[in-house]
Each structure stands twice: as C-alpha cells, then as structure tokens.
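The values are calculated or read from the model by the stated rules, or taken from the named source; none is laboratory data. No experiment lies behind these values; they were computed from the predicted model shown. Using ideal geometry, Cβ is built from the backbone for each residue, glycine included, and neighbour counts are taken over all protein chains shown. Ligands, DNA and RNA are excluded from the accessible area calculation, which covers all protein heavy atoms including side chains. Shrake-Rupley method; radii C 1.70, N 1.55, O 1.52, S 1.80 Å.
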Amino acid sequence: MKYDFTAIEQKWQKRWQEEKPFAAVTGDTTREKFYGLIEFPYPSGQGLHVGHARPFTAMDIICRKKRMQGYNVLFPIGFDAFGLPTENYAIKNHIHPAKVTRDNIANFTKQLHMLGYSFDWDRVVDTTDLKYYKWTQWIFLQLFKHGLAYKASMPVNWCTSCKCVLANEEVVEGVCERCGSPVIRKEKSQWMLAITKYADRLIDDLDTVDYINRVKIQQRNWIGRSEGTEINFSTTAGDVMTVYTTRCDTLFGVTYMVLSPEHPYLKKWQDRIANWDEVAAYIDEAAHKSDFERSELNKDKTGVRLQGVAAINPANETEIPIFVSDYVLMGYGTGAVMGVPGHDQRDWDFATKFGLPIIEVVKGGDITKEAFALKDDTGIMVNSSFLNGLTVKEAIPAMKKWVTEQGIGHPKTNFKLRDWVFSRQRYWGEPIPLVNCPQCGWVPIDEREPPLLLPEVESYELTDDGESPLSAMTDWVNTTCPKCGGPAKRETDTMPQWAGSCWYFLRYMDPHNDNALASKEALEYWSPVDWYNGGMEHTTLHLLYSRFWHKFLYDIGAVPTPEPYAKRTSHGMILGEGGEKMSKSRGNVVNPNDIIAQYGADTMRLYIMFVGDFEKAAIWSTEAVKGSKRFLDRVWNLAESASESEDVTPANEAILHKTIKKVTEDIDELKLNTAIAAMMTAVNELSANGCSRGDMRLLLLLLSPFAPHIVEELWEMLGFAAKSGKMACQETWPVYDESKTVASTVAMAVQVNGKLKGTITMPTDSEQQAVVDAAMAVDKVRKATEGMTVVKTILVKNRLVNLIVKPQ
RNA sequence: GCCGGUGUGGUGGAAUGGUAGACACAGGAGACUUAAAAUCUCCCGGUAGCGAUACUGUACAGGUUCUAGUCCGGUCACCGGCACCA
C-alpha cells in the first residue's frame with residue numbers, strides 16, 4: 001500500500017472531530033491538570049502563515065504527550081479579532097467588520113484543522129463576541145472603580161494616517177507600528193490605565209515565575225526601575241524646584257539647571273523672565289516636534305538660558321543659571337534636572353556648548369576631555385565638603401541622608417514605564433462602558449443591565465475631528481445618567497486591541513459562563529497557565545499588560561493566583577528562503593496549505609519542528625522539507641515490513657529505550673529538532689536490524705505527537721487499534737528502562753597528552769587498568785608512548801582515557 | 001551609546017568541559033531501470049598523500065585546564081530591543 005497522506009489526514013481529522021474527539025478536557029478534576037497556551041492569532045485576511053505553525057505545532061506536541069502521560073490537558077484556541085486591519089479592510093470594501101471577522105475566523109479554523117492540532121474546539125473564544133467582551137468591559141469597570149482607569153489630558157502619539165492615538169509601545173522609530181506613517185504629538189483627553197502603580201510588583205514577582213531569562217530581563221529593562229533622590233532647589237523666583245537624580249553624590253558639582261520645555265514653571269515665571277520671547281519661541285518649536293524628531297535633532301544640544309531667574313545650589317548656596325532645553329523630558333522624573341557637567345556626558349556637552357563651569361567632584365578621570373561618569377567604583381569624592389575622601393558608593397547614601405535631614409530632599413524610585421493610553425478613536429473595538437453626566441461626572445453603566453453592545457453604524461470612517469465613528473451616532477451617544485437619571489452622553493472611544501488579549505486565557509477555563517468571567521471552581525482548578533509560549537515581540541506589550549490585569553484581578557479577589565503564567569517560552573521567527581523576514585512585498589511568504597497539499601500535514605509539522613533550535617530564528621527551505629517526507633515514507637515502509645511478533649526485538653531494545661528517553665526529555669525541554677533526529681536515527685537502525693510489530697508499537701507512540709495522522713493509520717493497520725479499542729493518541733506514553741538504554745559495550749576515545757590517537761571498544765563500566773591495557777594495544781598509542789613514562793592517567797568512564805606521558 | 005542574543009562544513013543545524021560536524025538538505029559515485037523519477041549502497045571540513053596516515057580546523061588573537069565550540073577577560077562582525085531616562 002502507498003502512503004496516501006491526503007486521504008489519511010482527511011480521514012483522521014474527520015474522526016478526531018466527529019467520531020472520536022479526544023482533545024476535550026475531562027471533567028475529572030482529581031487528575032493532575034496541564035494548561036498549555038499559545039498566543040491566539042489575529043484572524044487576518046491572509047490566513048494562517050508558517051510563522052503560526054511553529055509555536056502551534058510545538059505546543060500541540062507538548063499537550064499530546066501530556067495527555068498520553070495521563071494529565072487532564074487544556075489546550076485551547078481562540079481569536080483576537082478586534083483591531084485595525086479588519087476595520088481598514090471593512091472601510092475599503094464596504095463590508096461590516098463583523099462579517100470580515102466571521103469569514104476570516106472560518107478560514108483560520110479550516111486551516112488549523114488541516115494541521116491536525118488537538119485543540120479543544122468546544123472552548124473557542126472570540127474577543128469580538130458580545131458574550132466575551134462584556135467581561136472585558138466588566139474588568140475595565142472594576143479598574144475604573146478602583147481608581148486605576150482615569151481620564152487625563154496629555155500629549156499623545158497621534159498617527160497622521162490612522163487618525164488615531166497610539167500607545168508609546170505602538171510607535172516604532174517615530175512611525176506608526178501598523179501603517180508606517182509619521183507620528184506627531186497632540187494634546188488629547190484620554191483614558192489611561194495606571195499600570196505604573198503595579199511597576200514594583202511586576203518587577204519583583206518575576207522572581208516567582210519560570211520565564212526564559214531574556215523575557216525577564218526585557219521586562220525589567222522596560223519597566224526601568226531606578227533608585228534615586230529628589231532634591232529641592234530654591235530659586236530667586238521664590239518657587240522651589242525639584243529635580244530627580246541617581247547621582248546625588250555630585251550635588252557639589254552642580255553648575256546649572258535645566259527645565260523641560262513643558263515644565264509648568266516656565267509659564268508661571270513668564271513675567272520674571274527677561275528674555276521671554278526667546279524662551280517662548282523655543283518652547284513653541286519643541287512642541288511642534290515629535291518625540292522622534294526631538295531625539296533625532298538633539299544630537300547637538302540646544303537650549304535657552306532664562307534671564308532674570310536663577311536657582312540656588314543647596315549644598316553650597318551658590319547661585320546657578322537655569323536653562324530650558326528639550327533634552328529634558330517632562331515625562332520622566334520631575335521634568336527638571338541638575339546639570340553636573342563633570343560627571344554626566346550630556347551635561348558635559350551642554351556645558352561646553354554654553355560655556356558653563358565644569359567642577360570636578362569625583363577624582364579619577366580627565367574632565368577637560370569628557371565627563372567622568374560612574375565606571376566601576378574607582379572614583380573618590382573631592383571638592384565636596386563632608387563627602388571628601390569617600391567613594392561614590394559611600395557618598396550616595398551619605399548624601400541621601402544629608403538631604404533628608406536638611407529637609408531638602410528624599411530618596412525616590414522612578415520608572416521608565418508609563419501609564420497605558422487606553423482609548424482609541426475607532427469603531428472596531430470594545431466600547432468603553434462609561435457615561436459622562438454633567439451633574440455626576442463619569443459614571444459606569446449598570447453592571448446588571450444588558451451589556452453595552454457595539455452598535456451598528458452607517459460608516460466606520462473617522463469623523464473629521466478624529467473622534468470615533470460612534471460619536472456620529474447621536475441616538476446611541478445620548479443617554480441618561482445611571483446615577484441621577486439626567487441627560488448624559490456615552491463615551492465614544494473604544495478600547496485598544498490589547499484589551500481582549502489581557503485575560504482570554506481565563507475565559508478558556510470556563511468559556512460559556514454567563515454569570516462570571518469564569519467560575520471560581522474552574523479558576524481554582526486550571527490556574528495558573530502551566531506553559532505559555534509566544535513571540536518575543538509581545539514581551540513588553542501583551543505579556544506585561546496581561547500580568548498587570550491579572551494582578552489587579554487577584555487584588556480584587558477575582559482570580560486565585562498573583563501571576564497568570566507559571567512558565568513562558570518564546571519561539572524564533574521563521575524567515576524566508578533568503579534569510580529575510582517573510583512579507584508580501586518580498587514575495588517570500590510560504591503558505592502552509594501549499595506544503596500540506598504537496599507533502600501532507602505530518603511532513604509540515606515535522607519539518608517546522610526539525611528546522612532548527614526552537615528559540616532561534618530559522619530559515620525556511622522548501623527543498624529541505626523533502627527530508628521530513630522521506631522520513632515518514634521510511635516509517636511507512638518499515639511498518640509494512642515489520643514482522644508479526646508483538647515482542648520487542650532484543651537487538652532493538654537498547655536503541656528503542658534510548659530513543660524513548662531522548663524524545664521524552666527533549667519534548668520537556670522544547671528541543672523538538674533533536675527529538676526528531678533521535679527518531680530518525682532509530683528508524684535507520686530498525687531498518688538495518690529488521691523490526692517487529694512490538695518495536696513499531698513503541699516507535700509509533702513516540703512519533704504520535706509529532707505526526708499524528710500517519711501514526712493513527714499505521715496503528716490501525718498493524719492491529720493495535722482493534723486490540724485496545726484506543727487510538728495511539730489515547731494510549732499511555734512509553735516509559736524507558738534506564739538500564740536498557742546502555743549497551744553492553746562502549747566505544748572509548750584514547751588520547752595521549754590530550755591528542756586523539758584512536759578508539760577502543762570496551763565492556764561498559766570497565767575499570768581503569770583494563771582500559772589502559774586495551775589502549776596500549778592500539779598501534780598509534782604504542783608509537784606515541786614509546787620511550788615515554790606515563791605520569792598520569794585520566795579516565796572518564798565509558799567516554800575516554802587520556803594518558804599523560806613524559807620522556808624518560 | 002546601553003541591554004540581550006548569535007558567530008561551527010556548500011546549506012539547515014548537533015555536541016552534561018571529554019572522539020567536533022549527530023540528524024538532515026544539496027552534491028558526487030554506484031545498483032536497480034530501455035530511460036527518468038522513486039528507492040537502496042557508499043563518499044562528502046581543509047591541506048598533503050595512490051593509500052595507511054599526518055597536519056590543521058568551531059569569527060579573531062589570548063588565558064585557565066590533562067582536555068575548550070563549550071569556562072574567563074579582550075577584539076571584530078551580524079541580529080533583536082531600547083535610546084538624551086538625569
């Protein structure tokens with residue numbers, strides 16, 4: 001019989017879905033659970049991409065093995081379906097985004113089935129489903145009620161093409177992450193989420209979870225905790241000006257101050273500033289630049305000195321000038337910095353340009369050439385009164401203590417992380433369930449009322465002033481205040497795409513619940529997610545946001561664990577044939593459907609796992625796919641030629657046990673490429689030795705998570721299915737016997753002075769004397785040791801012997 | 001600039017400090033075939049040699065060690081992230 005993959009795959013996919021579904025979770029909550037999670041896809045019009053196949057296949061393998069090992073496994077799938085591409089497509093083609101979403105989900109579903117993934121299809125989640133997003137809205141309302149959602153007028157990133165506010169995280173190199181158009185700054189009243197209130201816990205609790213290191217490091221750097229000091233400077237204007245510094249030890253070296261152009265004192269001091277016209281012009285210029293332009297253009301420092309106002313250095317009572325310069329950011333610290341040109345390179349550049357004095361307060365560098373910033377702990381304090389003679393490390397706490405005692409400052413922790421801009425002036429997103437009442441302010445809709453439906457609109461186009469399309473729907477906008485009953489208006493902004501993905505893994509635990517986001521029992525049993533795999537690109541966005549929401553839900557008692565994911569791994573990208581990113585414009589996108597049609601889904605699954613180290617980027621090669629197909633052909637032929645015996649062939653025992661061990665361990669460590677290589681080696685050996693049905697049985701069980709269709713077919717063909725009444729995927733995962741993985745003899749390397757001279761075959765666990773005797777019998781060893789004395793022998797059991805020799 | 005990662009045959013990639021190149025792809029030789037495809041067998045880092053073999057080889061130049069692709073310090077290149085963060 002021929003290996004007809006198309007027929008086989010259709011047969012088994014149908015059976016798994018209709019006749020013998022095996023992937024649904026069991027209600028048996030006494031069994032140990034395993035919750036394996038992949039990042040649910042955005043159902044784009046392009047359909048599934050080989051980039052999806054890599055993480056999906058890996059987690060499918062892990063979950064299929066866990067099921068065979070007896071776990072109660074939850075392996076769900078869903079769709080993150082709100083978002084701009086769908087909305088833009090809808091606008092362009094005049095099709096309702098809900099319809100676009102439905103069609104795309106149907107297409108994705110078909111493609112996912114074609115790859116044989118063992119998702120629990122009863123638990124599909126769609127973020128645009130009212131039954132789902134009413135709970136997204138519910139979580140938002142809880143955030144609002146706890147003061148973590150607030151409205152603020154602030155400069156926001158405004159995409160000139162999408163006509164939409166973007167989060168800082170969505171702006172890449174000054175352009176919109178999605179459409180590539182320039183982003184400018186614009187003042188707008190926005191809903192914000194106070195993620196910064198959780199900054200400390202988001203960092204500290206990383207110690208409690210098993211994430212790969214680079215994810216932890218990236219999150220820590222993104223949150224950017226910095227332990228410093230706030231110090232108050234008095235000014236000749238009478239106002240006290242507060243600065244933030246991590247180097248309070250250099251206070252005696254401060255020779256000027258700089259304010260950010262947005263600093264409120266500038267306007268306040270307008271009448272005192274003699275050169276106000278010049279200052280105002282500078283402020284205006286800065287306001288018209290995007291963040292990107294500001295950082296681009298500021299390689300050369302610019303700024304204006306304020307005439308008529310000065311500050312006093314509290315350490316030595318010296319009067320120092322104040323500047324305004326756009327290298328100081330209003331959004332970080334206090335929007336004001338103290339200038340220490342001797343020990344900060346930016347300050348040094350600035351002081352040199354404006355001819356300001358440079359004072360050395362830490363000895364160790366040459367401040368006439370460049371700033372002596374903190375390197376190692378080499379510097380010793382000078383010109384600093386009571387700090388003189390101390391190291392920098394000693395001086396920092398000493399100065400913190402001093403400013404605190406003097407009442408002019410205090411230690412302060414700052415974060416780079418900003419609060420999350422949560423509004424979008426868009427249609428295709430969750431409506432924000434708030435009402436603005438002229439009497440009562442912002443009021444949440446009544447949670448007991450029917451959920452706030454995203455209404456049908458005539459047009460999804462933005463209004464001319466950049467407001468959401470919803471704002472044009474006066475029937476919907478005009479409502480009554482839930483509190484006082486007076487006339488009020490609904491919020492017309494919607495939530496960003498990240499909202500729905502913040503908690504979807506909770507919904508999978510109990511997806512049809514109408515009374516809660518999930519039942520307490522389901523949450524208790526399934527939390528936390530045992531293993532979450534996803535892309536590195538989501539490390540600082542989705543992964544951080546969802547940890548934040550989850551911590552909040554934990555605080556209000558809605559979920560039982562402080563962290564959502566126990567373990568996080570990350571896959572590398574699949575690059576096109578030329579080693580470049582796959583993209584439509586490069587024309588190097590590989591469609592999994594084409595590979596499935598030509599080679600079958602099992603080959604596709606195997607190849608995408610065999611292509612390389614899972615965590616690293618890998619280059620796709622359609623040529624190399626053949627190798628995986630050939631392997632399956634060999635498995636097929638081997639099964640057909642297997643002898644009737646259901647016992648394991650003695651000659652194959654060692655290789656089979658070794659392979660069970662290797663595949664079992666490699667799957668747990670996500671080393672799927674070497675697991676497959678081990679099975680290839682086993683097949684090569686079994687072919688050479690001749691194999692029985694008993695041998696085949698073990699091999700098929702190991703291969704079952706990787707290439708499930710062909711395995712089920714062969715399982716049936718060899719009569720195992722008829723005998724046990726079970727499919728291979730329902731069988732018990734094979735266990736290896738350590739003693740059987742070891743062969744009776746081993747090949748050992750013989751070295752003389754560390755150089756390889758030959759190999760010898762020895763009984764396993766041979767003692768040193770026997771090994772040395774055998775080694776000395778090797779011609780090359782005898783030659784190399786002739787006339788020499790062996791001064792030392794190093795034996796590594798079952799691996800090598802190294803003879804250290806010296807002339808006699 | 002800072003943070004993280006990577007550097008191994010023609011290619012993708014393997015190697016708890018212990019025989020570098022497993023397993024594949026491509027290539028070469030042969031078998032089968034009228035022929036091709038498929039399949040099977042063998043070869044396949046470099047230099048020298050008919051060959052046994054010798055030397056050499058994991059980005060570069062060092063160090064530690066009986067032994068280094070692996071550990072340590074330095075340099076270079078590439079990839080990803082952040083970027084005036086005080």
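Summed over region A:584-611, the residues that are within 12 Å of RNA strand B (Cβ to nearest atom) and either among the hydrophobic types (A, V, I, L, M, F, W, C) or surrounded by fewer than 16 Cβ atoms within 10 Å (Cβ to Cβ) (or both) give a count of 5.
With respect to A:A774, is the statement that it is hydrophobic (A, V, I, L, M, F, W, C), within 11 Å of RNA strand B (Cβ to nearest atom) and over 30 Å from A:G116 (Cβ atoms) true? No, not satisfied. Please work out if A:F372 is open to solvent by less than 70 Å² (accessible area, probe 1.4 Å), of a type outside the set (G, A, S) and more than 22 Å from A:T318 (Cα to Cα). So A:F372 passes the test. You will find that of A:E524, A:E537, the residue that is at pLDDT below 95, over 16 Å from A:L37 (Cβ atoms), open to solvent by 10 Å² or more (accessible area, probe 1.4 Å) and not hydroxyl-bearing (S, T, Y) is A:E537 and no other. When you scan region A:380-403, how many residues do you find that are more than 39 Å from the chain's Cα centre (by Cα) and away from RNA strand B (no atom under 15 Å from the Cβ)? Total meeting the criteria: 15.
Candidates in region A:344-363 are the residues that are among the charged types (D, E, K, R) and open to solvent by 70 Å² or more (accessible area, probe 1.4 Å); of these, the one that is farthest from RNA strand B (Cβ to nearest atom) is A:K363. Is at least one residue of region A:612-626 closer than 20 Å to A:F108 by Cβ and not basic (K, R)? No - not one qualifying residue is present in region A:612-626. Consider A:G725 carefully, then state whether it is open to solvent by 40 Å² or more (accessible area, probe 1.4 Å) and either on the phi > 0 side of the Ramachandran plot or of a type outside the set (D, E) (or both). Yes; evaluated as a whole, the condition is true for this residue. Just one residue in the set A:Y508, A:Y545, A:Y532 is open to solvent by less than 10 Å² (accessible area, probe 1.4 Å) and within 16 Å of RNA strand B (Cβ to nearest atom); that residue is A:Y545. A:K723 satisfies every condition listed in (1) part of a helix (DSSP H, G or I); (2) among the basic types (K, R); (3) in contact with a helix residue (DSSP H, G or I) (Cβ under 6 Å, 6 or more places away or on another chain) except (3).
Scan region A:325-343 for residues that are part of a loop (DSSP other than H, G, I, E, B), open to solvent by less than 40 Å² (accessible area, probe 1.4 Å), out of contact with any Lys or Arg (no Cβ under 7 Å at 6 or more places or on another chain) and near RNA strand B (Cβ under 8 Å from one of its atoms) and the total you get is 4. When A:L143 is tested against (1) closer than 15 Å to A:D419 by Cα; (2) in a strand (DSSP E or B); (3) at pLDDT 75 or above; (4) open to solvent by less than 40 Å² (accessible area, probe 1.4 Å), just one condition goes unmet, and that condition is (2). Picking from residues in region A:476-490 that are open to solvent by less than 40 Å² (accessible area, probe 1.4 Å) and touching a helix residue (DSSP H, G or I) at 6+ places or on another chain (Cβ under 9 Å), the one that is modelled with the lowest pLDDT is A:W476. Checked against the criterion of being modelled with pLDDT under 90, within 12 Å of RNA strand B (Cβ to nearest atom) and surrounded by fewer than 17 Cβ atoms within 10 Å (Cβ to Cβ), the candidates A:D377, A:D291, A:D366, A:D300 yield just one match: A:D300. Each residue in region A:494-507 was checked for being outside any strand (DSSP E or B) and in contact with a strand residue (DSSP E or B) (Cβ under 6 Å, 6 or more places away or on another chain), and 4 of them qualify.
Say we look at region A:404-426 and pick out the residues that are among the basic types (K, R), part of a loop (DSSP other than H, G, I, E, B) and within 16 Å of RNA strand B (Cβ to nearest atom); which of these is nearest to A:G333 (Cα to Cα)? Result: A:K416. Against the definition (of a type in the set (K, R) and either assigned to a strand (DSSP E or B) or surrounded by fewer than 13 Cβ atoms within 10 Å (Cβ to Cβ) (or both)), how does A:K792 come out, yes or no? Judged against the criteria, A:K792 is a match. Per the conditions (1) open to solvent by 60 Å² or more (accessible area, probe 1.4 Å); (2) farther than 26 Å from A:Y132 by Cα; (3) modelled with pLDDT of 95 or more, the sole criterion not satisfied by A:N93 is (3). Restricting the first member to region A:753-781 and to residues that are within 28 Å of A:S739 (Cα to Cα) and free of Cβ contacts under 8 Å to residues at least 24 places away in the same chain, and the second to residues that are near RNA strand B (Cβ under 10 Å from one of its atoms) and open to solvent by 80 Å² or more (accessible area, probe 1.4 Å), the beta-carbon pairs closer than 8 Å and six or more apart or on different chains are A:G758/A:D779; A:G758/A:K780.
Within region A:625-675, being in a loop (DSSP other than H, G, I, E, B), open to solvent by less than 60 Å² (accessible area, probe 1.4 Å) and either within 11 Å of RNA strand B (Cβ to nearest atom) or not hydrophobic (A, V, I, L, M, F, W, C) (or both) holds for A:S645, A:T649, A:L670.
When A:N168 is tested against the conditions (1) modelled with pLDDT of 75 or more; (2) under 22 Å from A:A286 (Cα atoms), the lone failure is (1).
Does region A:519-536 contain at least one residue that is closer than 30 Å to A:P455 by Cα and without any contact (Cβ under 8 Å) to a residue 40 or more places away in the chain? Among the residues of region A:519-536, at least one is closer than 30 Å to A:P455 by Cα and without any contact (Cβ under 8 Å) to a residue 40 or more places away in the chain, which makes the answer yes. Among residues of region A:151-166 that are open to solvent by 50 Å² or more (accessible area, probe 1.4 Å), those with a beta-carbon under 8 Å from a residue that is hydrophobic (A, V, I, L, M, F, W, C) and part of a loop (DSSP other than H, G, I, E, B) at least six positions away or on a different chain give the pairs A:S161/A:C179; A:K163/A:L462.
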